Amino acid sequence: MATGPSTYVKNIAPEKLELLIAIVNAPKVRFYTNLIQSSEANLYLAVQASGTSEKAIMNYLGLNQSNRSAIFSVVREDKLKDLLEVLDENFSTIKDGGGIAITVPLTSVIGTLVYGFLSNDKRTIKQ
């Protein structure tokens, strides 16, 4: 069955990937990154964020603190609906936990190993 020192599964019907962008109050960034990781996201980047939005809009979104963070993460499409529901619930129920999240589809990922890492698909990892 194995043809060499390592084998890879070929012809996997991949799940589509989406880039999740969440803007949250900075003190809650660790909470939200842990929440995102629980949805099998292998990659995230959290950075300080600032913007020029009016104060009324920021208060409406629950971003009432002056220091905010942006979290960028790659999430499989099949995990996205549940993750967005959990984020939405936490944005409205956690004290100072407000935020906003959007997704952007990733239309091209090159390489089986890169896709396997980003999608947390263990079938593409060395066996």
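Each value in this text was obtained by applying a stated rule to the coordinates, not by laboratory testing. Not measured: the values here are computed from a predicted model. Note: ideal-geometry Cβ built from the backbone for every residue, glycine included; neighbour counts use all protein chains shown.
For this structure, a couple of remarks:
- Amide H partners (placed H, <5 Å) of Arg68, local residues excluded: Ala26, Ala49
- Label-point separation in nm, Ser66 to Phe31, each point 7 Å along Cα→Cβ: 2.2
- Per-residue Cβ neighbour counts within 10 Å put Ser119, Ser39, Ser108 in the sequence Ser108, Ser39, Ser119, beginning with the fewest.
- Rg in Å to one decimal, and Dmax rounded to a whole Å, for region 17-124 via C-alpha atoms: 14.5, 47
- Straightening the chain between Val114 and Ile94 buys 3.7 nm, computed as 0.36 nm per residue apart minus the Cα-Cα spacing.
- Within the shell defined by Cβ-Cβ distances under 11 Å, the residues around Lys28 carry a net charge of +2, with Lys and Arg each +1 and Asp and Glu each -1.
- Per-residue Cβ neighbour rank within 10 angstrom, fewest leading, Val29, Val47, Val86: Val47, Val86, Val29
- In order along region 44-49, phi translates into HN-Hα couplings of 8, 9, 10, 9, 5, 10 Hz, rounded to whole numbers, per the Karplus curve 6.51 cos²θ - 1.76 cosθ + 1.60 with θ = phi - 60° and x for Gly and Pro.
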